Amino acid sequence: MSLSTKNLFFGSALVLAGSPIFATETAANSGVAPTPRAYVNCPGISNVPMTADAEQALPMRQIATLSCGQQVAILADNEGYTAHIRTSDGKDGYVAHMYLTNATPAAQPTLEFDDPTPATNATPVNGIVRWNSGARGCAQFSSRGRQVESATANGITVQVSLQDTGWKLRASVAVSNETSAQIYVNPSLITLDELTPTLRNLREENSTKLAHNEVNHQLMHSEYVAVPPPSAIVLHRRSDPQVSTVSYRSASVEDYLGYNDETASVRAVALNAANLAPGQKTSGELWYVRDAKAHELSLRISVGELVFDFPFSFE
């Protein structure tokens, strides 16, 4: 065999040794367990942030944006808030557990909206503003790990998010007054109803009493984040009957919920009664009795002469 032929075989062996397929086969033959894999799960959002730190403290040091259904390698998982992962392009970072799943994602059709509707006023029906994704005056966005539903009607904007702390249900609520008159925000007029599997009202918890237990029960920690139920998704299709796919509309609106500090005290973040002058806004947290079986819920906020109705679901 000539020298050139030997060099050719040697170079080919090096190329194969460095390939992912060769590495996988080598690991399998050597008895080394393969790196566990997971898929990115996007509950009602378009993408998921990957950060440089495991705590995902604010300000968040985001190093990548993960797409829905993307497969990642699990480098370490101590069952904390996040898991240490690596993407297919070699980036290492941390992602919240609630955005990872072992289930193979189902193929999703590609649906598109017609021209996006701006975040203008919704039309109340019998004094009720019911939130629907893609409807006029309604918007949906992600804010610091929370899925936020926003509705605007008659100059009043209400934004809400619902989380399960594992002990209580926590509602984040913000109200902005862009009318020419003063409006009154009364937390006692905010209700949370379970719709399925049981129709019942979930009692609001007294924040002063809860403050004595916040250290033990982590009232500001989110184990699960509620998302809009399928019944609240309005799909708009193009005129072409062959098109059968859509993407959820996301309007550009200001985030009024503000900073969500899981180390803050209950008293400091609880929503208080407030008289809002034109141009003013308020925000805060409310806690409700938790039903582990609750699937679909309705959060209702009475402001002025309107009732804003927000649907949520724990998938």
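Values quoted throughout were computed directly from the atomic coordinates according to the rules given, and no laboratory measurement underlies them. Since the structure is predicted, the reported quantities are computational estimates derived from the model, not experimental observations. All Cβ positions, even for glycine, are placed from backbone atoms using ideal geometry, and neighbour counts span all protein chains on display.
General remarks:
- Gyration tensor verdict on the stretch 261-315 (Cα atoms; rounded if a/c is under 1.5, prolate if a/b is larger than b/c, oblate otherwise): oblate
- Packing order of peptides 63-72, 191-200, highest average first: 63-72, 191-200 (average count of other Cβ atoms within 10 Å over each peptide's residues).
- Peptides 163-170, 286-293, 305-312 ranked from most to least packed give 305-312, 163-170, 286-293, packing being the mean of other C-beta atoms within 10 angstrom over each peptide's residues.
- Förster-model FRET efficiency, 35 Å R0, Thr208 and Val125, C-beta, rounded to 0.05: 0.45
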